[in-house]
Amino acid sequence: MNTYLSQVKAIVWKDFVTELKTRELFSSMFVFAILVMLIFIFSINLSIVDANQVGPGVLWVAILFAGTLGLNRSFTLEKENGCLQGLMLAPVDRSAIYFGKMLSNLAFLLIMEAFLLPVFMIFFNVDLVSHLTPLLAVVFMGTLGFSALGTLLSSLSSNLKTREIMLPILLYPLIVPIAIGSVRLTGQVLDGKSLADMMNWVGLILCFDIIFISASIMTIDHILEE
Amino acid sequence: MTESKPSPNPGQAIQVQGIRKHFGHLEALRGVDFELRKGEFLSLFGPNGAGKTTLIGILSALSRPSSGTALVAGYDVKEADPAMRREIGVISHASFLYADLSPLENIRFFATMYGVESAEERAIAVIDEVGLKPRMHDRVRTFSRGMLQRLSIARAIVHNPSILFLDEPYTGLDQHASGILKEQLQALHTDQRTILMTTHDFSRGLDMCDRVAIMVRGKLALWESADQLDPAGFERLYLEKVAQAGRG
């Protein structure tokens, strides 16, 4: 178990060091997310519509679109110089590779969201501070499911020539339950409701988080082979 | 139908029996059989597409054979036992190294993956062994092809494997870099490691090996002890074997 954990930790560490040196992933994800928000800001008249109603949708579209950029890079990095093959030669459980990549994707997304939320608050003039704890819980649950499924599909699509196209095609239909749940929960949190009043949506997102992680553990062996 | 499996022989590092590999309709390996004793160096020659890389892929448990069996360090490659993975190191024309990390970060990472104790110290030791200690904090992206290949050696031996698979290690190297690589491979061989090297370079391949094999169209066309071969006439023999197999 110790070896397993140190292998997972080493993969996360390796991704972080690479990102600290290149700053490619964070900058591209963050700039893209800001651009998505800007486009919506200019197309929505916030004096007519309620920011608490449309804001969550815009926030999650920005997160999912920008996150897809990051996920696409995730396994492409492993393909450069045949690094994934090098990793596969080592006595590493394939699920450790998955968890390492998934945790680093999750961490990058959460960091990006930490910068994005204040921008969202300013653009949409919504009060996030008074609902911060439930909002962070919703963002974490949604991002966890997105990273879990996204990492699996990124490993699958990285073998394809059309990986940049295939990842969103595979990912977006499957992520719909989490996307809808996260948008609805974010909207209701901004309206001042507590998470305890929305346990059906919380349960839905958590169920899909567990399903995506379990399915990934069961299939990653076959996906990474050959 | 059950496949007969060679019984593990402690004297043998690699035992291959009837290995076949299909990619759809293409038969990349068509029944390969051989045994390599511990500490032996096999140079495997063959034209492009002969199946050399496919064979190394199977022996290093990166892919599964369609049929047949192979034991590496006594372990069945189909089971891809972690203990077997600890016994093998692979050097290929791809470096398997992260371009934006330094040599120290790369080798320490792979040392951790192999569960090496004191990963940092061991990483520094093997980087020093391949003569790259002065550059161990630079980004790998800035390295020449020759330096990359030396660093690949460090990556492959960081866990001290008893068997090394070298897949065309001289590809893209200039004369100077080839000379350095040859010296390092010789040093690895004197450490009593079993080495299987595929190459197109007759002189370098014949220079170091104990056994010579030629693979053509997925089968071994020659298996001979290096002592029994005349290096001067090897090119003619190779061309004959390739032509014979092409007619067959």
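The values are calculated or read from the model by the stated rules, or taken from the named source; none is laboratory data. Remember, it's a predicted structure, so these values are computed and weren't measured experimentally. Because the Cβ atoms are built from the backbone with ideal geometry, glycine has one as well, and the counts that use them run over all protein chains shown. Note: areas computed on protein heavy atoms with side chains; ligands, DNA, RNA excluded. Shrake-Rupley method; radii C 1.70, N 1.55, O 1.52, S 1.80 Å.
Observations
- Separation of region B:82-130 and region B:5-64, taken as the distance between their Cα centroids, equals 25 angstrom.
- Listed values for region A:140-145 are Karplus-derived 3J(HN,Hα) couplings in whole Hz (6.51 cos²θ - 1.76 cosθ + 1.60, θ = phi - 60°), namely 5, 4, x, 5, 4, x, and x replaces Gly and Pro.
- Value of relative contact order over region A:2-224, rounded to a whole percent, pairs C-alpha under 8 Å and six or more apart: 27
- Angle of helix A:199-224 to the longest C-alpha principal axis of chain A, folded into 0 to 90 degrees and rounded to 10: 20°.
- Test item: Cα-centred dipole of region A:13-94, Lys/Arg +1 and Asp/Glu -1 on Cβ, debye: 140
- Computed about the Cα centre, the dipole magnitude for region B:12-247 is approximately 640 debye when only Lys and Arg (+1) and Asp and Glu (-1) carry charge, each at its Cβ.
- Size of the B/A contact, given as accessible area buried on both chains, probe 1.4 Å, in Å²: 2600
- Angle in degrees between helix A:2-22 and the longest Cα principal axis of chain A, rounded to the nearest 10: 70
- Area of residue B:79 that stays accessible when all protein chains are in place (1.4 Å probe, Å², to 10): 130
- Alpha carbon centroid spacing (whole Å) that separates region A:49-85 from region A:152-226: 12
- Protein heavy-atom surface of chain A, 1.4 angstrom probe: 70% of the accessible area is carbon and sulfur, with nucleic acids and ligands not counted.
- What the Cα convex hull of region A:2-224 gives, in volume per residue, is 126 Å³.
- Against the rule of thumb 2.2 N^0.38 Å, how large the Cα Rg of region B:12-247 comes out: 1.01
- Tally of Lys pairs whose C-alpha atoms are under 15 Å apart, taken over chain A, 8 or more apart or cross-chain: 5
- Close lysine pairs were tallied over chain B: pairs 8 or more places apart or on different chains with Cα atoms under 15 Å apart number 6.
- Test item: Cα-centred dipole of the protein assembly as shown, Lys/Arg +1 and Asp/Glu -1 on Cβ, debye: 540
- Taking the longest Cα principal axis of chain B as reference, the axis of helix B:145-157 is set at about 80 degrees.
- In this calculation the C-beta distance from residue A:162 to residue A:206 is compared with R0 = 25 Å, giving a FRET efficiency of 0.15.
- Helix-only arithmetic for the protein assembly as shown: the sum of -39500 (n - 2.57) across DSSP H runs with n ≥ 4, divided by the residue total, places the mean residue ellipticity at 222 nm at -19500 deg cm²/dmol.
- Working note: Karplus 6.51/-1.76/1.60 with θ = phi - 60° gives region B:174-190 the couplings 7, 4, 5, 5, 4, x, 5, 4, 4, 4, 5, 5, 4, 5, 5, 5, 5 Hz, where Gly and Pro are set to x.
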